[in-house]
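Written out below as structure tokens is the structure these notes cover.
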Amino acid sequence: MSDIGLAHYLILGAVLFVSGALCMAMKRNAIGVLMGVELVLNGANINFVAFARFNPAFQVEGQIFALFVIVLAAAEAAIALAIVLNFYNNHMTVDVDTAEELKG
Amino acid sequence: MDTQAILFWLVALWTGLCAVAVLVTQNIVRAAAWLLFTLAGAAGVFFLLGADFVAATQLIVYVGGILVLVVFGVMLTAQGPFITMKVSAAEWAISTVVGLLLFTVLAICIYNGFSPQTPANEGMNDPATSMSSVVLGEAFLGIEDATPQQNLTGSKPRTQMGYLLPFEVVSVHLLIVLIGAAYLARAKRRRGAATP
């Protein structure tokens, strides 16, 4: 308990992942769904950096992949917010349950 | 219990509780604030893991960039009923059960796959040999390290591949995505509105 190991960081990443996944599933606000995606990506990032710290073979790769994930998350947040704003302009709501034009 | 363990428990509890608060709160403005605290806590975790550059990037890009985008999105769309959107009790119950099950599965896998006492790379505690931004930059460019730490991999030295091409691909991707976002979110003239 006193020594902090790899599993502790992986558990923290799992907490962020589960919170984000539930956030994506539960929130009715489209921006809330986007926050869930950010939480999931952060959980994965914590796993990457923890493996970079505790596994010598991934010392460089873990941090580089974490940097890639951060940059791609920025791109994803920009495009998602543009889509949300467009949806709000067209439908006057951000409730994802009302986006049902493609329902068969 | 040494200093690093105390710091880890403080930062980990902070990050985890804020992440759960993002999920639990119904108010979207409060969720954005909790997300800010979660991202800052994750940056603290990266600092604890010895990844200074990743932590600084996390603070700059996530806390400084993405969160500003999210807050602007909240401000532009938070009109009256959309600030607090209620979720029914049945959905809460199902989500709690599913979340606990998912977390249990993940925790069991982690504890079976990785012993909690995996030794850390001791060299990274030393500032002289730790992963600095210089090492990261060399890895991006594929430059050979002057003093390769062959004892880390044990076997033959790895061939330096370099991450220059993925870096370029990601930067062009980011440029295209930002142009696309600006195109999608541009101010459109409403149909039927009088032209000025």
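What to note about this one:
- Extension gain, residue B:25 to residue B:183: 0.36 nm times the residue separation minus the Cα-Cα distance gives 53.6 nm.
- Restricting the chymotrypsin sites (Phe, Trp or Tyr not before Pro) of the range A:55-104 to loop positions (DSSP other than H, G, I, E, B) with no more than 10 neighbouring Cβ atoms within 10 Å leaves nothing.
- Averaged over peptide B:88-95, the number of partner chain Cβ atoms lying within 10 Å of each residue's Cβ comes to 1.
- Once the Cβ-Cβ distance of residue B:87 and residue B:141 is raised to the sixth power relative to R0 = 51 Å, the FRET efficiency obtained is 0.55.
- Taking each DSSP H run with n ≥ 4 as -39500 (n - 2.57) and averaging over every residue of chain A yields -27000 deg cm²/dmol at 222 nm.
- Calculated from backbone phi, Karplus (6.51, -1.76, 1.60) coupling profile of the range A:65-75 in Hz, x at Gly/Pro: 5, 4, 5, 4, 4, 5, 5, 5, 5, 4, 4
- In summary, the convex hull built on the alpha carbon positions of the range B:1-84 has an orientation-averaged projected area of 5.6 nm².
- Partner shielding of B:14-22 amounts to 5, given as the average count of beta-carbon atoms from other chains within 10 Å of each residue beta-carbon.
- Average other protein chain Cβ within 10 Å of Cβ, residues A:35-42: 6
- Per-residue Karplus couplings for the range B:173-181, computed as 6.51 cos²θ - 1.76 cosθ + 1.60 with θ equal to phi - 60°, are listed in order as 4, 5, 4, 5, 5, 5, 5, x, 5 Hz, Gly and Pro entered as x.
- Peptides A:31-38, B:168-175, ordered by how many other C-beta atoms sit within 10 Å of their residues on average, highest first, read A:31-38, B:168-175.
- Each residue of the range A:6-22 was assigned a 3J(HN,Hα) from its phi angle through the Karplus curve 6.51 cos²θ - 1.76 cosθ + 1.60 (θ = phi - 60°); the sequence is 4, 5, 4, 5, 5, 5, 4, x, 5, 4, 5, 5, 5, 4, x, 5, 5 Hz, with glycine and proline shown as x.
Any read-out appearing in this document is the output of simple, stated calculations on the displayed coordinates, not a laboratory observation. Computed from a predicted structure; not experimentally measured. Backbone-built Cβ (ideal geometry, glycine too); neighbour counts: all protein chains shown.
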